[in-house]
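The values are calculated or read from the model by the stated rules, or taken from the named source; none is laboratory data. Everything numeric here is computed off the predicted structure, so don't read it as measured data. Positions of Cβ are backbone-derived with ideal geometry, glycine not excepted, and every protein chain shown enters the neighbour counts. Please note that ligands, DNA and RNA were not included when accessible areas were found on the heavy atoms of the full protein model with its side chains. Shrake-Rupley method; radii C 1.70, N 1.55, O 1.52, S 1.80 Å.
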Amino acid sequence: MDQQDEHGDIGALGDAEYAEFMELAAEEGFDLEDVADDLAAAGHGPLPVLAVVGRPNVGKSTLVNRIIGRREAVVEDRPGVTRDRVSYEANWNGRRFKIVDTGGWEQDVLGIDASVAAQAEFAIEAADAVVFVVDATVGATDTDEAVVKLLRRAGKPVVLAANKVDGPSGEADAAVLWNLGLGEPFPVSSLHGRGTGDLLDAIMEALPEAPAVTFGAATGGPRRIALIGRPNVGKSSLLNKVAGEDRVVVNELAGTTRDPVDELIELGGITWKFIDTAGIRRRVHLAEGADYYASLRTAAALEKAEVAVILIDAGETLAEQDTRIISMAVEAGRAVVIAYNKWDLMDEERRYYLEREIERDLVQVQWAPRVNVSARTGRHMEKLVPAIETALAGWETRVPTGRLNAFLGELVAAHPHPIRGGKQPRILFGTQAGTRPPRFVLFASGFLEAGYRRFIERRLREEFGFQGTPIQVSVRVREKRGRKK
């Protein structure tokens, strides 16, 4: 069997290199199944994405719990319990996939239909297939009909789940849902498990073997750039300036933008797709109505993007919101460029204090390219493209396994791990399990302290660059047992 089929996406390793790597692992006494699983996990093997959607209180979270085989999604007998999208890994007949539980859709949320559509569109866009859950005991409502229209526009495969069919008498209610025009309704009881096997078989037919949408992976076309930042830092003004026209509404009132606006823009002789986003507010789960959905859409834009251009108002003191937004981009594994906007309004004193704030508060992203711009005047806009290209190059950098292990050998010899408890753990070998962002798996004889891991990351950057990209380093510790004979 091909190693990639058996163990998932192993990223940087080809068949021959994989075999050599596994031989090393065996010699050092590692459990080979665990090693293969770690490689697949570190590479974030391409799992198909399934979104579970429907109006409130139709049993979406209960169905998610049934599919994943454990009670993780919060379930309560009232509508609107689920607000944030939550994803879980699931497995059916040996096939792994990601399942995303979404909040319920309503046609009117504080009277703003567009905000409801925003969440619906993202749930569908981010998925390879959709399970549309309808309450068979109620039948199709106007809200269900509105969701059907969204699904048809998206063109994604849809599996229709007629939920709350607890016995044969309810199957007639399920059959009525043929009228929605989405094909066969599968009668299920997510509470009791009835019919979920047939539903999952249909889902497996709808899902691709490998995802059509893999966050952070190339999908062709222009490179995708998300403009993110807290409200009123000038994201829309920047988009208008690079587009050369008033593409989006700009207002001094913070939070004017509700939905991301995708715009194909030629800059520096290259066509890019810019995604303007609503400002991220302090606490998403406390935001109401339009702002709540705008925050969801901002997260959606970040997940769709390859590069996050994070705008910071240079004229104001760095806020906790700024550092949290940067953390969001880093945790999402996106290439990062930090743009300090409104530079033209700064005096020398403010520039001095800004430098001190950067040294103090942004130490975790010293690797990110920095540009000082003015969206109002267009100052230094020509520096934006080189910064984005630098970040993308770092994001896609791959280090050959041989070169990496030669580097690690020299590093360990020159700077061994401190002795703890009479033992000195050492790195035995490593590999780059993937790119976009670069992901490394190190195999060690013992636990590596956090400070030593940070030291390794710093030296990796010094040796191989990785400017503009986060690096993910995971460590696999050899089990405490004798070497295999």
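Applying a 10 Å radius around every beta-carbon, put 189-200, 414-425 in order of their mean neighbour count, most first. Don't skip to the answer; put the middle values down first.
Working: 189-200: 17.9, 414-425: 11.6.
Put in order of decreasing packing, that is 189-200, 414-425.
Couplings for segment 132-142, taken from phi via the Karplus curve 6.51 cos²θ - 1.76 cosθ + 1.60 with θ = phi - 60°, read 9, 9, 10, 7, 5, 6, 9, x, 6, 9, 4 Hz in order; Gly and Pro are left as x.
The amide H of LEU182, built 1.01 Å from its N in the peptide plane, has no neighbour under 5 Å, considering only residues 5 or more places off or on other chains. 3J(HN,Hα) couplings calculated from phi for segment 190-196 with the Karplus curve 6.51 cos²θ - 1.76 cosθ + 1.60 (θ = phi - 60°) are, in sequence order, 5, 6, 9, x, 5, x, 6 Hz; Gly and Pro show x.
For ILE68 and ALA393, the difference between the fully extended length at 0.36 nm per residue and the C-alpha to C-alpha distance is 113.3 nm. Computed with every protein chain present, the accessible area of THR143 is close to 30 Å² [probe 1.4 Å]. With the cut-off at under 14 Å, measuring from each backbone N in segment 151-178 to a point 7 Å along the Cα-to-Cβ line of THR137 picks out 163-171, 173-174. Annotation for segment 390-485: GluC sites (Glu not before Pro) lying in DSSP loop with at most 14 further Cβ atoms inside 10 Å of their Cβ are GLU449, GLU479. For ILE228, the solvent-accessible surface with a 1.4 Å probe is about 0 Å², rounded to the nearest 10. The simple spin-label model puts a point 7 Å past each Cα toward its Cβ; for ASP344 and ASP198 those points are separated by 6.6 nm. Taking amide H positions as modeled 1.01 Å from N, with prolines and chain starts lacking one, the residues under 5 Å from TRP272 and 5 or more places away or on another chain are ILE265, GLU266, LEU267. Rolling a 1.4 Å probe over the protein heavy atoms leaves PHE30 with an accessible area of roughly 0 Å². Under 5 Å from the amide H of PHE429 lie the amide H atoms of PHE443, each residue being 5 or more positions distant or on a separate chain, with H modelled from the backbone and absent for Pro and chain starts. Segment GLU27..ASN57, full-extension length gain: 5.4 nm, with 0.36 nm per residue of separation and the alpha-carbon distance subtracted. Give the relative contact order (percent, whole number) for segment 331-460; include only Cα pairs under 8 Å separated by 6+ residues. Taking the mean separation of contacting Cα pairs over the length of segment 331-460, I get 22 percent.
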